[in-house]
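Visitor: Before anything else, here's the structure in question.
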Amino acid sequence: MSGADRMMWRSPASGPLARLALAATLLAAASCTGDRDQSPVKVDLIGQASEILNPLRASDTPAGKAMLGATAQGLLAFDARGEVMDALAESWIVEDGGQSYIVRLKRAVWADGEPVKAEAVARLLRERFRANPNWLAGLKPQVRAMTDRVIEIRLDAALPAFLQLLAQPQFAILSGDSGTGPYRAKRQDAQFDLVPVGSVAAGEGATEHEPPPVDHRIVQASSGARALVRFRERRTDLVLGGRFQHLLLVPAAGFSMADLRVDPVSGLFGLALTGRSAFLADGNVRDALSRVIDRAALASTLGLPTWATFDHPLPASLELDRAPTMPVWADSPRETRVTIARRAVEHWRVSHGEPPLLRVALPEGAGATVLFRRLARDFAELGVRIDRVAMDDTADLVLIDEVAPFDSAFWYLSRLDCAAKLLCDKRASDLLASARQADTAAEQTRLLGEAERLIADYGGYIALGQPIRWALASRRLTGFQPSPRGIHPLNKLTPVPN
């Protein structure tokens, strides 16, 4: 085995807007909590109470993900900067160019004092993989225990970025309803007091000491409006889970966009075409719908200066040996794009009659209302009408708003493949399947490139921009940093983490 095929890492030792506007006028301007404050850190997670009560079931929500990451470790984790670090894993070896991962576990214990063993970890990890197929990019990891403290994960394709996936909170290891920390949750009415675990690696006989108040985290789920008001009143130190639909609440609460801590994430933010009408089956129509959207106007209305718009699915080359495929109209003036889009829809109208009403599934929130109005205005230029429906309703276009769990074209292309229930080109599915079984990196790159071009050209996904993730953090949280993963470990917020 060559050195290039074997790598080893060892871990280091009357509406909400009106109410917010009124609240903002009543609240006096004040600085955030001082650095000498030794009280527990208070955290508001934008979401529902049910998401923190059962975070495993809600692991795809910001609140569930944050709670799960705080109470249950996976093999790996992300630090405050979004870099992979050790968690349950003491060390790990990557072999066969990223197809085999051999992990040695720390000497850890469950909440009941029982030692954590590889057989249980392998079984629980298999369960997490089965529960999250959309995150695996079509891969089918095989997990086995080699000894009491060593497991192997073997993939059907070489994927060095797989370490990033193992660090996602969705793949935390729980036994029953408890994990190995870094915190243990004690419910207090609608809140949770997160108490640091004494030492997850100390083994039997470890003695836990009462940690100082500053090491505690008081966590609750809140609506976006309530979280912003509480932060303004200095009743909370950290707000997590901000997305595009919450942006218009920011100025209404008396903040500016410059106050937000925006995560430089990558992923998918756009519309998946899922309707089966003859209208959407027409490739020229799909192209026209993407052409006509005024992404610059949408960005201006949302008001986040750092937001990058996109008109193509992949944000970067990743495993491709070239730049991502751009639409042929990418550099055309919008007037030209609209003219060509109108011709395409008019041609369909002549042959088939009036276009059907398109149902667009969007989340709740003022930002989503802005997006709907933008789409309605732009599509109206083609004579196409739309209706807004909930995310779980039957729809023709469905918003995808997801941060990539790992940096690979495999994830992006699989998320836009036929298996994800989008309108798709079956040839791209076949190419992706072949890429997962490719014998060489060069062959894999070639197959991924062909699949990417087909997916981009087919137009089953209308890209709008990068996902939007933001937080509000008080000055006392000197360890908080914007993360390219959109994940903020709660034990890395203060200068001396537990």
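Visitor: Plugging the Kirkwood radius over Cα pairs into Stokes-Einstein for segment 99-178, at a temperature of 10 °C and a viscosity of 1.306 mPa s, what D comes out in µm²/s?
Guide: The estimated diffusion coefficient comes to 121 µm²/s.
Visitor: Then there's this: Just order 279-289, 137-147 by mean Cβ neighbour count inside 10 Å, highest at the front, would you?
Guide: Numbers: 279-289: 19.6, 137-147: 16.5.
Put in order of decreasing packing, that is 279-289, 137-147.
Visitor: Top to bottom by accessible area (1.4 Å), largest first, where do Trp135, Trp92 land?
Guide: On the way: Trp135 45, Trp92 20 Å².
I get Trp135, Trp92, largest accessible area first.
Visitor: At a 1.4 Å probe radius, which order do Arg232, Arg373 fall into by accessible area, largest first?
Guide: Largest accessible area first, the list is Arg373, Arg232.
Visitor: Ok, one more. Restricting to segment 269-408, compute how many DSSP beta bridges are antiparallel as a %, nearest 5.
Guide: Roughly 45 percent of the beta bridges in segment 269-408 run antiparallel, per DSSP.
Visitor: May I pose another question? Taking Cα centroids, how far is segment 393-458 from segment 282-346 in Å?
Guide: Between the Cα centre of segment 393-458 and that of segment 282-346, the gap is 19 Å.
Visitor: With the other protein chains left in place, how much accessible area per residue, in square angstrom, belongs to segment 384-498 at a 1.4 angstrom probe?
Guide: Details: 4430 Å² over 115 residues.
Heavy-atom accessible area per residue stands at 39 Å².
Visitor: Can you give me the C-alpha center-to-center distance between segment 93-157 and segment 468-484, rounded to a whole angstrom?
Guide: 31 Å
Visitor: What are the extents of the Cα atoms of segment 131-281 along their three principal axes, listed from largest to smallest and rounded to whole Å?
Guide: Projected onto the principal axes, the Cα atoms of segment 131-281 cover 57, 55, 28 Å.
Visitor: Follow-up. At 1.4 Å probe size, with every protein chain present, just tell me what the per residue accessible area of segment 167-306 comes to in Å².
Guide: Roughly 38 Å² per residue, with all protein chains present.
Visitor: Next question, about the same structure. Given a 1.4 angstrom probe, I'd like the percentage of the accessible area of segment 222-377 that is carbon and sulfur, rounded to a whole number.
Guide: 51 percent
Visitor: Sticking with this structure for a sec: Name the residues whose placed amide hydrogens come within less than 5 Å of the amide hydrogen of Ser91, ignoring near sequence neighbours (fewer than 5 apart) on the same chain.
Guide: Amide H neighbours of Ser91, under 5 Å, 5+ apart: Arg104.
Visitor: Per Stokes-Einstein, at 4 °C and 1.567 mPa s, what whole-number D in µm² s⁻¹ belongs to the chain, with the Kirkwood radius over Cα pairs as the hydrodynamic radius?
Guide: Calculated translational D: 53 µm²/s.
The values are calculated or read from the model by the stated rules, or taken from the named source; none is laboratory data. These figures come from a predicted structure and were not determined experimentally. Heads up, the Cβs are rebuilt from the backbone with ideal geometry, glycines too, and the neighbour counts pull from every protein chain shown. When the accessible area is computed, the model is the full protein with side chains, heavy atoms only, and any ligands, DNA or RNA have been set aside. Shrake-Rupley method; radii C 1.70, N 1.55, O 1.52, S 1.80 Å.
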